[in-house]
Every structure is written in structure tokens, then in C-alpha cells.
Amino acid sequence: ASNSPAPANHGSWSHQYGDPGNSANSDEDLAGARTTADLKVRWFGRPGADFGLDRQSRMPAPLSIAGRLFHQGMDRLVALDANNGAVLWGLDIPDVRRLNMPRDASNWCADEQHLYLAVKERAWVIDAEDGTLKSALPVPGDTAGLDWGYIAREGDRLFGSGVRPDSGYTSFWTSRAWFDGQAGSFGT
């Protein structure tokens, strides 16, 4: 599978909040658009609304870089052509789910060639073009027995943190309202 070339001045969203520094800026010039009326839908359709979890559970943001859009669903992910929505590849990964982004770190980031995905104690390095697993890296440092927490890519380095196993938010079937918890409740 391959993707179509990105238009000129096309930005990227390679981390949860845009870039490793959380700038919430894609450096997109929006083709000179000043209002929403100046914007147009590029594509509509697959993978559809049923692919991802409800946004209320605050799953990781989709990533977009080098003409590819990566989107997580329920224990799976898909790579799409960001310009026309064509499905490039997909993976089913039972341990990939991470939720509640206001209180946890995202489990993925990307660069032009790779998608980096925290799956328990390993960071999967996935070829962005075809979805092939290239390697699975342990948590950096003296971190035996820890899972990946934060993961980021900057230049030629992959950064990350270690967290206790199974400490990330993964449940969305709960009556405890962890996604909008108040002071003193489970979600704070």
C-alpha cells in the first residue's frame, strides 16, 4: 500500500498534542483559510464512526504525518491515506488500548517512516508504509518489569518513561465516571 503525496504546506500531528513539546500546532497553513467556510471536506467514510471508542473516554488523538493518518480503535489501529481516506493497512493488537488522555500519556507517536506504539513493556516500531513490525524495544534505562508510559520521537531519538504494569487507563465500562472525575474521586 502507498499513500498519495501530501499537498504543499501540509502540516503534521505526530504526537498527542501536535509534537513532542505539546505545542498543539501542526505548522499547517490551512491553504489560507480564515474561517470554517473556507474549509472543505477532503474525504468522508471509512473507517467510520464505529472504528474508534467514544471520545468521552478520551482515547489517544489520531496522528497525521507524511500523508498518512493513523487512528486507534478498540484494540486495533488503522493507517489511512490522509488525502483520500483509502485504508493502507490495519493491525489488531489486544493490549494497545489506552484511555483518559487528560490523566495519562498517549501510547503512540510517529515520524515520516515509523509509527511508535507503546504496548505494555515494549515500544513497537512499525513501518508507517506497510504496517510491518520492525522491532520491539524495552523501556529505556534500568526499568525491568515496567511498562511504557510516555513515548515521544525527536530527531533520531525515541524517548519514554516507565510505569508500573497495568497502571494505564484502559477501562471504559465503568460507572465511576473516571473520565470527568472530581477532586478526591478515582479520576484525579
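Say whether the condition of being among the β-branched types (Val, Ile, Thr) and in a strand (DSSP E or B) is met by at least one residue in the stretch 77-92.
The answer is yes, given that some residue of the stretch 77-92 is among the β-branched types (Val, Ile, Thr) and in a strand (DSSP E or B).
May I ask you to say which residue of 123, 61, 82 is more than 14 Å from the chain's Cα centre (by Cα) and either on the phi > 0 side of the Ramachandran plot or small (Gly, Ala, Ser) (or both)?
Testing whether each residue is more than 14 Å from the chain's Cα centre (by Cα) and either on the phi > 0 side of the Ramachandran plot or small (Gly, Ala, Ser) (or both) leaves just 82.
Quickly run through the stretch 63-93 and pick out the residues that are more than 17 Å from residue 14 (Cα to Cα) and open to solvent by less than 40 Å² (accessible area, probe 1.4 Å).
Within the stretch 63-93, 73, 75, 85, 88, 89, 93 meet the criteria.
Taking the options 141, 155, name whichever one is at pLDDT 90 or above, open to solvent by 60 Å² or more (accessible area, probe 1.4 Å), at positive phi and out of contact with any Pro (no Cβ under 9 Å at 6 or more places or on another chain).
155
From the set of residues in the stretch 44-76 that are in a loop (DSSP other than H, G, I, E, B) and aliphatic (A, V, I, L, M), which is modelled with the highest pLDDT?
The extreme case among them is 66.
Assuming residue 15 fulfils every condition listed in (1) open to solvent by 20 Å² or more (accessible area, probe 1.4 Å); (2) modelled with pLDDT of 85 or more; (3) within 14 Å of the chain's Cα centre (by Cα) apart from one, which condition is it?
Here residue 15 meets the rest and fails (1).
Which members of the stretch 107-145 meet the condition of being among the polar types (S, T, N, Q) and closer than 21 Å to residue 67 by Cβ?
Selection gives 113, 132.
For residue 111, are the conditions met, namely being within 13 Å of the chain's Cα centre (by Cα), of a type in the set (Asp, Glu) and either over 24 Å from residue 166 (Cα atoms) or open to solvent by 80 Å² or more (accessible area, probe 1.4 Å) (or both)?
Yes; evaluated as a whole, the condition is true for this residue.
Of the residues 41, 96, only one is open to solvent by 60 Å² or more (accessible area, probe 1.4 Å), part of a loop (DSSP other than H, G, I, E, B) and of a type in the set (A, V, I, L, M, F, W, C); which?
Result of the check over 41, 96: 41.
Hey, can you tell me all the residues within the stretch 87-117 that are among the hydrophobic types (A, V, I, L, M, F, W, C) and touching a Cys at 6+ places or on another chain (Cβ under 9 Å)?
115, 117
The values are calculated or read from the model by the stated rules, or taken from the named source; none is laboratory data. Since the model is a prediction, treat every value here as computed from it, not as a measurement. Note that we place each Cβ from the backbone using ideal geometry, even for glycine, and neighbour counts take in every protein chain shown. Areas reflect the complete protein model, heavy atoms only, side chains present, ligands, DNA and RNA absent. Shrake-Rupley method; radii C 1.70, N 1.55, O 1.52, S 1.80 Å.
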